[in-house]
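A short write-up of the structure that comes next.
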Amino acid sequence: MSIYEETKSISVFGGKGGDEGGGVMDAPLSLLGSWSVSDHLGEFQFEMDLPGDIVSAMADRGLIPDPYWGQNEYDVRWIADRDWTVRCQFEVQDTAQVLVVSKLDCVARIEVNGRVVLEAQNAFRRYRVDLSEVLERGQNDIAITFASPTKAANAAQDAQPFFVPYTKNFPVPNGNMLRKPQCDFGWD
């Protein structure tokens, strides 16, 4: 439920070719900065900066106790059982743009102006998405919905033809079913 800080990459590039050769790439429009956040139950709405993660943003705003203090981690595990959406607006004059995003953690859907442009399931890769069919001149809306990792992991386990064992070192099962940092499941 984050965009990791290491790459700081969520940008819109001008020129339909992006930087994949062939097209001329304009300077990128960075989408880093303040985004609005909400959970799928409508119980939480707040602002956070990307890159960043929802748990840290909630702790910084006093919405949850510090998850790194004592055993507070156990009290905030419910966050992983919800879907969370981050949203922001941006402006473009040229609609021939490519969205470049990396380090999406992990099962995420990106919509631009209400149209799905990417369904991602891998925190370890970079995605490039042609936005020329969905962008409008002027203001545009982008929303990234991070699916509950616990629900996604359980669904992936259920889809297997046989049970795939997972570590018992952490009481949240099936983390090995997701392409996300496994430290999120307690091994470090």
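Nothing in this text is a laboratory measurement; each read-out follows from the coordinates by a stated rule. Just so you know, these numbers come straight off a predicted model, no measurement behind them. Cβ coordinates were reconstructed from backbone atoms using ideal geometry, including for glycine residues, and neighbour counts include every protein chain displayed.
Note on residue 75 and residue 124: with the Förster distance fixed at 22 Å, the Cβ-Cβ geometry gives a FRET efficiency of about 0.15. Computed about its Cα centre, the charge dipole of the stretch 76-188 is approximately 400 debye, with only Lys, Arg, Asp and Glu carrying charge at their Cβ. In the stretch 63-180, taking the dipole from charged Cβ atoms about the Cα centre, the farthest positive-side position among 172, 116, 162 is held by 162. Would you mind checking the stretch 82-101 for residues with the amide N under 20 Å from a putative spin-label position 7 Å along Cα→C-beta of residue 116? Counting backbone N atoms under 20 Å from the label point, the list is 82-88, 99-101. Annotation: the residues 84, 78, sorted from fewest to most other C-beta atoms within 10 Å of their own C-beta, follow the order 78, 84. In this simple spin-label model, placing a label point 7 Å from the Cα along the Cα-to-Cβ direction at both residue 40 and residue 160 gives a separation of 2.2 nm. Sorted ascending by nearby beta carbons within 10 Å, beginning with the fewest, 168, 180, 151 become 168, 151, 180. Taking label positions 7 Å along the Cα-Cβ direction at both residue 182 and residue 151, the computed distance is 2.6 nm, reported to one decimal.
Neighbour counts of C-beta atoms inside 10 Å place 167, 150 in the sequence 167, 150, starting with the fewest.
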